[in-house]
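A short worksheet on the structure shown next.
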Amino acid sequence: MAEPTREQDPRSYWVRRLHEFLPGFLEGHPVLTKVHRRASAILHGSTTWGVDDEWSDVDVWLLLPEADLREVAVSCDTRFFEFTLDGKAGHLNAESSEAFTESVHACHMDRIYQLRRAEVIADGPGVATELVAEARRPP
C-alpha cells in the first residue's frame, strides 16, 4: 500500500518526512550532533491538525536533558534551529526535558492541549512518549 501523499493526508506526510529527515539533520548539525542521541523530538502545532498551507510551518520541540541544553547554550546563542523540508519552513525549539515535564505536571494547558495532538518523532530517553500519553489520558 502506498504512503499517503501530502495532499491526501498532510499530517501523516509530515510525520513520515520528519522521521526520515530529522536523524540526518541532527547528526549533521554542528551543535546538535553532540546531544541528539539523548533528545526527544515532538511534532506539534498546526501541522498536527493537518494544516499545510503557505503560512504554516513545521514546529518541533527538541527536549534535552538540562546538562545537554547547557552544552548547546555554550556552543551557540540560540535554542531555535531552523530547517527547510520539502519547501516548507520548520524549526526545532530546544528545551529542557525536565522543565518541560514539570510544566506539564503543573497543568500548563497550552502544552497539554498541543501534546494531545502531537506526534513523537524521536525519543531515545522515552520522555516524549510518556508526556504524550499523559496528555491524552482522560481527566
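The numbers here are math on the coordinates, done by the rules we state, and not lab data. Everything quoted here is computed from the prediction, not taken from an experiment. Don't worry about glycine lacking a Cβ; one is built from the backbone with ideal geometry, like all the others, and counts go over all protein chains shown.
Quick notes on this structure:
- Formal net charge of residues neighbouring Ile112 (Cβ-Cβ distance under 14 Å; K, R +1; D, E -1): +1
- Computed over the chain with a Gaussian network model linking Cα atoms closer than 10 Å, the most mobile of Ser40, Ser56, Ser97 is Ser56.
- DSSP bridge pairs, the stretch 10-136: antiparallel proportion in percent, nearest 5: 70 percent
- Amide H to amide H distances under 5 Å link Ala122 with Ala41, where only residues 5 or more positions off or on other chains count and H is placed in the peptide plane.
- Taken over the alpha carbons of the stretch 14-69 as equal point scatterers, the Debye sum produces base-10 log I(q)/I(0) values at 0.16, 0.25 Å⁻¹ of -0.54, -1.02.
- Footprinting exposure proxy for Asp9, Asp68 (fewest neighbouring C-beta atoms within 10 Å first): Asp9, Asp68
- Convex hull volume per residue for the stretch 57-139, taking Cα atoms only, in Å³: 104 Å³
- The mean sequence distance of close C-alpha pairs (under 8 Å, at least 6 residues apart), as a share of the length of the chain, puts its relative contact order at 27 percent.
- Amide hydrogen proximity for Leu85: with H placed 1.01 Å from N in the peptide plane, the residues at 5 or more positions away or on another chain lying under 5 Å are Gly90.
- Largest-first ellipsoid semi-axes for the chain, taking √(5λ) over the Cα gyration tensor eigenvalues, angstrom: 23, 20, 13
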